[in-house]
Amino acid sequence: MVLWIRDARSKSNDVAALRIFAEALSIVGQRCPFVEPVRLGVMALPVRSVARFFGGELAICDLLRDDLAELLEHHAMELHIGIADGLFAAVLAASHEELVAAGETPSFLARQAIERLHRPEIAELCQRLGIRTLGAFAMLDEDRVLERFGLDAVHCHRVARGVEPELVGVRDPDIIKRLHLLEAPEIATTQVGFFGGTSARDERAQRIAIRLQSHFGASSVQVALDKPGRDPAERAIFDAFAVEQQTVLHDSAPWPARLPTPSPMTIFTRPRDIQLFDEFDQAIGIDGAGLLSATPAVYRDGGSRYGIAAWAGPWPVTGPWWRQQQRKNRLQILTSSGCAVLASHDGRGWQLVGRYD
Amino acid sequence: MFAFSDDANQPRRRPPVPSALRDLARPVVAAAARTLPVTQSLSSILPRGALRRGSVSVVSGSQGSGAISLALALAAEASAQGHWCGVVGISDPGATAMSEVGMDLRRVLFTPEPSKRWLEVTAELLDGVELLIVRVQAAVAFSAARRLSARARERRAALIIVTEHRQYWPLPADLGLSIRSSTWMGIGRGDGHLRSRRLELEVAARGEHLRLVSVWVPSQDGAILVAHGHGHGDA
């Protein structure tokens, strides 16, 4: 028996469809634990053996229809059920909503169009030979098929005759893996491979990160990266999450701090220009000796003015030789309201680069 | 006649339970699985000394008062012990500062600006991390707060809300840490540097009296320290 769940509107994306399919599988699994996913939307269960238990094949169809009705209605999905011997025939039966009686499968197959094999080359060649049904194809001599069509055609020929139950390509080999990926396992309290390898919770977090990125874009989930040559106290060094980056992350050393600790908790990715003033409202800069030109009293950030209760610095930040021109000075400022910020002077003016949140 | 009560006069003695069986009979959920560890000094101000999985904590304080540092300090020990953490809505996090607080940045997922879809992002992240810090900058709708609390409970993750105003989170929280004042030490008028910060906290744990506690975030040597507290049981 094959249950084929089809998206009536074919609107939902792959992940949503996979999720509905997983739910349907678990519902069917409660009645028939032998159900197995074939590919997205298609599940198979050995029904001949259990039909008697449920009171016949029709009864089990009705039971499963009832079980799945709510889920499928909610998502506007259609259910097609078919019974036949062998997976290939059963999938075809489902697409026709046919319950093929035991022993009738070869004649059912014989009526199917040759295109149902999903082998365009074979179908085309057969058409030219006047062979339009699987039945006619099955009548051919196997040696002739091998001669004319090749090895894959022999396999198709056997399927068409009902000798082999499954057609290669009907199953999605990755469906079980995809279903597993979808399902977040319970929190693993024991951690495997803390050093080096990845633990269950590492995998879980990575999976969610990937899922989020697929919904909200790659930059929606970021990780901190230790990029040499950058000053983490000045620049936020974050990058979109990627599984390959995990190695980079695992090797990361303690983050170097070039300012006295603690470091600012917020680093503005777009630093704002500010002005420093002394008590006479004269602008303050840095003189040739690297000192403040006057005693700071106030700084202006946009339209707001903040009283300066205390300050420390300026500390010169000496960059690499090729950036000597961009020499910077840092200044810690404590406002009169008790908020601490980090300012930077680049030779021309002051910028607010961080806040001690 | 019952097979096992034929000798009713004698006091019945239980045979010793085989050790293999005793191991099997242990509680399925160990205490450690119900909670996430916190830095020892902070554990003294938390109910039962740890962050409960599935709980919601609200850390509130005005901008620059140290609310983010305090929230991260709550998460630091769990992070250091290998639990994955998520940080939502903190737009420009300082990596250095976070690792100074004790976060293991190798296991932190950041969603800096989730914008309008922060609720979906947060709900989804709760599937993958065991501790989630969410900064909210406006009042959260009742329905959204309920949904997140339910999700955290269901996924057994600890949710820490960071906000400027306690009222932004419309539901009662399992733990509320409100910063009443914040004082920096070590910085002078042109000398020294920002060294340590003392926070005066109001601790509201569910089912307990309100307490006032002083915490150093950070203390002089960079660690988190509880200075003193009032009304914590026998303390």
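The values are calculated or read from the model by the stated rules, or taken from the named source; none is laboratory data. On a predicted model such as this, the values are computed, not experimentally measured, just so you know. A quick note on method: Cβ atoms are made from the backbone with ideal geometry, for glycine too, and the neighbour counts reach across all protein chains shown.
Of note:
- Any pair with Cβ under 9 angstrom, 6 or more apart, that starts in region B:190-204 at a residue that is without any contact (Cβ under 8 Å) to a residue 40 or more places away in the chain and more than 7 Å from chain A (Cβ to nearest Cβ) and ends at one that is basic (Lys, Arg) and outside any loop (DSSP other than H, G, I, E, B): B:Glu200/B:Arg180; B:Glu202/B:Arg180; B:Glu202/B:Arg211; B:Ala204/B:Arg166; B:Ala204/B:Arg211
- Failed criterion for B:Leu194 (all others in (1) of a type in the set (A, V, I, L, M); (2) at pLDDT 90 or above; (3) within 23 Å of A:Ala309 (Cβ to Cβ) hold): (2)
- Those residues of region B:162-184 which are within 14 Å of another protein chain (Cβ to nearest Cβ), small (Gly, Ala, Ser) and buried (at least 21 other Cβ atoms within 10 Å of the Cβ), in sequence order: B:Ser182
- Cβ-Cβ under 7 Å pairs, at least 6 apart or on other chains, region A:59-78 side closer than 20 Å to A:Glu98 by Cβ, far side surrounded by 13 or more Cβ atoms within 10 Å (Cβ to Cβ) and small (Gly, Ala, Ser): A:Ile60/A:Ala51; A:Leu68/A:Ala24
- Every pair of residues 6+ apart whose Cβ atoms lie under 8 Å, when the first sits in region B:205-221 and is without any contact (Cβ under 8 Å) to a residue 60 or more places away in the chain while the second is surrounded by 20 or more Cβ atoms within 10 Å (Cβ to Cβ) and assigned to a loop (DSSP other than H, G, I, E, B): B:Trp216/B:Ile224
- Verdict on B:Leu199 being within 16 Å of the chain's Cα centre (by Cα), not charged (D, E, K, R) and not in a loop (DSSP other than H, G, I, E, B): no
- The residue of region B:92-143 that is surrounded by the fewest Cβ atoms within 10 Å (Cβ to Cβ), among those that are within 8 Å of chain A (Cβ to nearest Cβ) and among the acidic types (Asp, Glu), is B:Glu120.
- Members of region A:112-136 that are surrounded by 14 or more Cβ atoms within 10 Å (Cβ to Cβ) and either among the polar types (S, T, N, Q) or part of a loop (DSSP other than H, G, I, E, B) (or both): A:Gln112, A:Arg119, A:Ile131, A:Arg132, A:Thr133
- Residue selected from region A:198-245 under the condition touching a Lys or Arg at 6+ places or on another chain (Cβ under 7 Å) and at pLDDT below 75, by the criterion surrounded by the most Cβ atoms within 10 Å (Cβ to Cβ): A:Ala233
- Region A:54-102, subset among the charged types (D, E, K, R) and outside any helix (DSSP H, G or I), residue nearest to the chain's Cα centre (by Cα): A:Glu78
- Filtered residues of region A:119-175 (kept if more than 20 Å from A:Ser107 (Cβ to Cβ), small (Gly, Ala, Ser) and either assigned by TED's automatic domain parsing to the domain that holds A:Glu104 or over 36 Å from the mean Cα position of the chain (by Cα) (or both)): A:Ala123, A:Gly130, A:Gly150, A:Ala153
- Residue count, region B:74-84 (criterion: at the interface with chain A (Cβ under 9 Å from one of its Cβ atoms) and crowded, with 20+ Cβ neighbours inside 10 Å): 2
- The residue that is surrounded by the fewest Cβ atoms within 10 Å (Cβ to Cβ), counting only those in region B:52-73 that are among the β-branched types (Val, Ile, Thr) and more than 7 Å from chain A (Cβ to nearest Cβ), is B:Val56.
- The residue that is farthest from B:Trp118 (Cα to Cα), among those in region A:201-223 that are more than 7 Å from every other protein chain (Cβ to nearest Cβ) and in contact with a Pro (Cβ under 9 Å, 6 or more places away or on another chain), is A:Glu203.
- Selection count where residues are among the aliphatic types (A, V, I, L, M), in contact with a Pro (Cβ under 9 Å, 6 or more places away or on another chain) and assigned to a helix (DSSP H, G or I), scope region B:43-71: 1
- Checked across region A:155-166, the condition of being at pLDDT 60 or above, surrounded by 15 or more Cβ atoms within 10 Å (Cβ to Cβ) and touching a strand residue (DSSP E or B) at 6+ places or on another chain (Cβ under 6 Å) holds for no residue.
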